[in-house]
Amino acid sequence: MTQHIPNFITCCNLISGCIATSYALAGDMRMAMLWIILGAVFDFFDGMVARLLNVSSPIGKELDSLADIVTFGVAPSAMLFYQFTVMDCPSFLNGLRSILPYIAFLMAAFSALRLAKFNLDERQTSSFVGLPTPANALFWSALIVGAGNRLYASPHIFWLLVVLLLLSCWIMIAEVPMFALKIKHWTFKGNEVRIFFLITSLLILLFFHVFGFSIIIVWYIILSVFLNHREMNTN
């Protein structure tokens, strides 16, 4: 029985992603975000349980990627798709209004590319190259939920979302090293960056609430780029 426990948890992640997608397409963004976060919790624990029980398997790895594509690729894409369908777009694009929202699913495609690359890239055992899909999903869900009615303030916000979509697709597969938050020991030395990031993230959440999660992901990218640049100059 123990060998099936991690896969069961992974399936819970997959189901969470399906439920999040259904809520997103129904326009309930808060519930969609909640289920994406719940999926991320399951995603965190399935690997941990597999290592604790020493039952890691190739099937589990493939199942994990499939679940992640749904929860962190399709679900946030569905949120953005719905947002595009209900918000104003520039008047000269009205003839394409029924087609334009589907560009949101570029995120799902690039999330799949990101996960395939992660599975094959041996450099990503203790850190990341490119933005992890859970972080990207959290950015978009928090942006849509946190911004709320402000997304309807101007037709020009449509272009802002398109630019952010293209940037997020690129950053997921870009050759940009990013630090991992996994803490391997409980001493301050060696965890300085992680502790600093967690403290500043908590302050951001206190001031910006749900929207703060989007700011935290941007802060994570900026800090990763800065640390990488500093390391390159040091070497």
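The values are calculated or read from the model by the stated rules, or taken from the named source; none is laboratory data. Since the structure is predicted, the reported quantities are computational estimates derived from the model, not experimental observations. Because the Cβ atoms are built from the backbone with ideal geometry, glycine has one as well, and the counts that use them run over all protein chains shown. Just so you know, the surface numbers come from the protein's heavy atoms only, side chains and all, with ligands and any DNA or RNA stripped out. Shrake-Rupley method; radii C 1.70, N 1.55, O 1.52, S 1.80 Å.
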**Request:** Order 234, 85, 2, most accessible first, counting only protein heavy atoms with a 1.4 angstrom probe.
**Result:** 234, 2, 85
**Complete:** All alpha-carbon distances of segment 123-233, grouped into 10 Å bins from 0, give the whole-percent distribution 13, 40, 34, 11, 2
**Prompt:** What dipole magnitude, in Debye to the nearest 20, does the chain give about its Cα centre under +1 on Lys/Arg Cβ and -1 on Asp/Glu Cβ?
**Reply:** 300 debye
**Fill in**
Rounded to the nearest 10, the angle in degrees between the Cα long axis of helix 192-208 and the longest principal axis of the Cα atoms of the chain comes to 30 degrees
**Request:** Translational diffusion coefficient, Stokes-Einstein: compute it for the chain using the Kirkwood radius over C-alpha pairs as Rh, at 10 °C and 1.306 mPa s, and state it as an integer in µm² s⁻¹.
**Result:** 85 µm²/s
**Message:** Restricting to DSSP loop positions (anything but H, G, I, E, B) with no more than 13 other Cβ atoms inside 10 Å of their own Cβ, which chymotrypsin sites (Phe, Trp or Tyr not before Pro) remain in segment 135-235?
**Reply:** 186, 188
**Item:** Distance between modelled label sites at residue 149 and residue 56, nm, 7 Å Cα→Cβ extension
**Value:** 5.0 nm
**Message:** Skipping prolines and chain starts, which residues have an amide H placed within reach, meaning under 5 Å, of the one on residue 180, given they are 5 or more residues away or on another chain?
**Reply:** 128
**Stretch gain in nm, segment residue 123-residue 8, where the contour uses 0.36 nm per residue and the Cα spacing is subtracted** = 38.6 nm
**Asked** If Lys and Arg each add +1 and Asp and Glu each add -1, what is the summed charge of the other residues whose beta carbon sits under 13 Å from the beta carbon of residue 49?
**Response** -2
**Asked** Could you give the length gained on full extension between residue 159 and residue 180, defined as 0.36 nm per residue of separation minus the Cα-Cα distance, in nm?
**Response** 4.4 nm
**Asked** If you put +1 on each Lys and Arg Cβ and -1 on each Asp and Glu Cβ, how big is the dipole of segment 60-131 around its Cα centre, in Debye rounded to 20?
**Response** 140 debye
**Asked** What whole-number value in Å² describes the accessible area per residue of the chain for a 1.4 Å probe?
**Response** 55 Å²
**Message:** Compute, for segment 70-196, the length of the dipole vector about the Cα centre, with Cβ point charges of +1 (Lys, Arg) and -1 (Asp, Glu) only. Units Debye, rounded to 20.
**Reply:** 280 debye
**Item:** Positive-end residue of 7, 41, 207, charge dipole of the chain with Cβ unit charges
**Value:** 207
**Prompt:** Picking from 90, 67, 128, whose Cα lies most toward the positive end of the charge dipole for segment 1-135 (charges on Cβ: Lys, Arg +1; Asp, Glu -1)?
**Reply:** 90
**Prompt:** Once the principal axes of the Cα atoms of segment 17-105 are found, what is the range along each, listed largest first in whole angstroms?
**Reply:** 58, 24, 15
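Where does the longest stretch of the chain lie that holds no GluC sites (Glu not before Pro) found in a DSSP loop with 13 or fewer other Cβ atoms within 10 Å?
1-121
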